[in-house]
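Only one structure is covered here, and it is reproduced in the block below.
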Amino acid sequence: MKNFKVLSLALAVASSLTTFGAVANETINMQAQIDDLQALMAKKENDVIFFGYARYGAQYQNGDTRYVSGIGSTGQTVGRLGNEANGGEFGIAKKYTAENGAVWDLAVMVEHWSNDEWGDDSYGGVNLKRFYSGVTNIFESQPGLYVWAGRDFHARLQQGLNDYYVTIEDGQGGGFKNFDLGGAKLDFGFVGGVDDNEGSLGNDNGKYAATSKIKGIDAGFAKIDAYAHFGFTSEDEEIETSGLDSETAWVVGTQIKFDSSSLHVRYGDGANNSVMGLKGDFQSLFVSYEGGFSASENWDINYLAAYYNQSGDDATDQNEYSLIVRPQYRWNDIHSTWIETGYALVDEDSGNETDGWKVTLSQNLSIGGLPGSRPMLRFYATVGEKDVAPQGSANTTTDTVSFGAMFEAWW
C-alpha cells in the first residue's frame, strides 16, 4: 500500500477537474460509433459505405520494453497514447429500402490485429469479425426498433484513454435494439462465443450470453444507462470435458452520463467484463470516472480515474488503481500537441505489488486539429517504467523509452 496515499490524492484531483467550467467535451469516441454501425449508417445518405478503424506505424524501442503494459486488468492502465500496437478493422455495409418502408442493412467486416499485443500467429491475424443483417421500420408501433441476426460486435461499452471495454460480448446470434419504452429504450441480445482456436473464423464455442440494456433514462442531472448480462454453456462435448458445463456468470452495471463526463459502475460474479469468460468463483467490481473539458480556446484536457477489485477462490485477490490525464493544445486547425501522463497500481492481498507510469509527448497533424479529428498523423516519444515487487523478494524494474510515427483514422 506504499502508493495508496498518492493514488487517493490523484483520484481526488481528477474528480475535481469538472469544477473548472466544464464544457461539453469535443472529443467524440468515433470508434464506438463504428461499433454501433446502425447509428453510423443513419447519418449517411449513400446506400453503400466503407467504414472502419485503423492505426499503423513504426515504434523504435530504446529501453527494456516497447510498451508500459500488463499492469492490471482494465486495458492500457497508464494510457494508450504511444502505448498501442498496430491493427485495424475494415468493412462494407449496404442499406436497402423496401417499397413497404422497411429499411434493411447488410454488413461485413474483417479485422487485422496480428501482433504480440493483440493477435495470435496460429490463425494469421485476419479474421471475419462481423457479418450480419438487420431491419428497422417493420412495426408500426415501434418504427425505430432494429432487429438483427448474424455475427457482430455486441454489448461493447468502450473507454478511450485506456482502450478498455467495460463490457464486451462479441459473438454470433440475434436480438433487437431501441425498443421504445417511453422515456427510455431497451436492447436485448442472445449471442454465442466464437471458437478461439480458429480466431474469429470458427463456430459457436458452447459459451453463450444473454444481454439486456435500458438506455437513455432521463434523471434530470444526467442520462443513465443500466445493463445486465448472463452467461451460460450448452451441452457441448468440449464444454463438458473442460468442466464448464455447470458454470454460469452475470454482470450488472450502469453508466451515468453528465454533460462532459461519465461515471461507470460494474459488478460481476464469475466474470470481469465478459460473462462468456466463465471465471468460476470470481467476483469483480469496476468503478471509473472519465471526461474532459476545454480550459481555454486552445486547451482541451481529458482524464480518466479507475478502481478495480477482484476476489474469490478462483481469483487473485487484489485492488487496482489507475489515473490518466491528457492535456491537448491546438495550435491551429492542423497542428496540435498532446501530453499524456498515466499511473497505475496493482495491490494484491498477498503483499505483492505492481505499479508503473508513462509519459508520452505527441506532435500531431490532423483534419480540423480538434481532439477527435481524424485522420491523424502522430510523431511521438514515450518514457515509462514498470516495477514488480513480490512480497519478500527483490523488485524487478523494466523501463520504456521509445519513439514512433503512426497514423490513426476512423471513417
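The values are calculated or read from the model by the stated rules, or taken from the named source; none is laboratory data. No experiment lies behind these values; they were computed from the predicted model shown. Reconstructed Cβ throughout: ideal geometry from the backbone, glycine too, with neighbour counts over all protein chains shown. All accessible areas refer to the heavy atoms of the entire protein, side chains included, with ligands and DNA or RNA removed. Shrake-Rupley method; radii C 1.70, N 1.55, O 1.52, S 1.80 Å.
Relative contact order for the chain: 16 percent, from Cα pairs under 8 Å spaced at least 6 residues apart, divided by residue count. Cα convex hull, the stretch 269-394: 128 Å³ per residue, rounded to a whole number. Rg and Dmax of the stretch 234-305, based on Cα coordinates, read 18.8, 61 Å.
Please name which of TYR227, GLY292, ALA184 has its Cα lying farthest along the dipole of the chain towards the positive end, using unit charges on Cβ (Lys, Arg +1; Asp, Glu -1) and the Cα centre as origin. Looking along the dipole axis, the top candidate is GLY292. Per residue, the accessible area of the chain comes to 45 Å², computed with a 1.4 Å probe over protein heavy atoms only. Taking packing as the residue-averaged number of other Cβ atoms within 10 angstrom, the listed peptides 341-347, 128-134, 156-162, 233-239 run from highest to lowest as 341-347, 156-162, 128-134, 233-239. From the Cα gyration tensor of the stretch 135-286, with a ≥ b ≥ c the square roots of its eigenvalues, which class applies: rounded if a/c is under 1.5, or else prolate if a/b is larger than b/c, or else oblate? Here the stretch 135-286 falls in the oblate category. As a calculated quantity, the FRET efficiency between ASP281 and GLN363 at R0 = 35 Å, using C-beta atoms, amounts to about 0.10.
In whole percent, what relative contact order does the stretch 324-386 give with Cα contacts below 8 Å and a gap of six or more residues?
31 percent
Kindly rank 38-51, 217-230 from highest to lowest mean number of other beta carbons found within 10 Å of each residue.
Top to bottom by mean Cβ count within 10 Å: 217-230, 38-51.
Can you work out D for the chain in µm² s⁻¹ from Stokes-Einstein, where Rh is the Kirkwood radius over C-alpha pairs, the temperature is 4 °C and the viscosity is 1.567 mPa s? Roughly 57 µm²/s, to the nearest whole number. Note on surface exposure: ILE256, ILE92 rank ILE92, ILE256 by accessible area, highest first, 1.4 Å probe.
Hey, what did the stretch 273-411 get for relative contact order, percent, Cα under 8 Å, at least 6 apart? Result for the stretch 273-411 is 15 percent. Comparing Cα centroids, the stretch 314-360 and the stretch 137-198 end up 30 angstrom apart. Measuring between alpha carbons in the structure, the pairs from LYS43/LYS95; LYS213/LYS279; LYS95/LYS223 lying more than 21 angstrom apart are LYS213/LYS279; LYS95/LYS223.
Please report, as a whole percent, how much of the solvent-accessible surface of the chain comes from carbon and sulfur atoms (probe radius 1.4 Å).
Carbon and sulfur together cover 57 percent of it.
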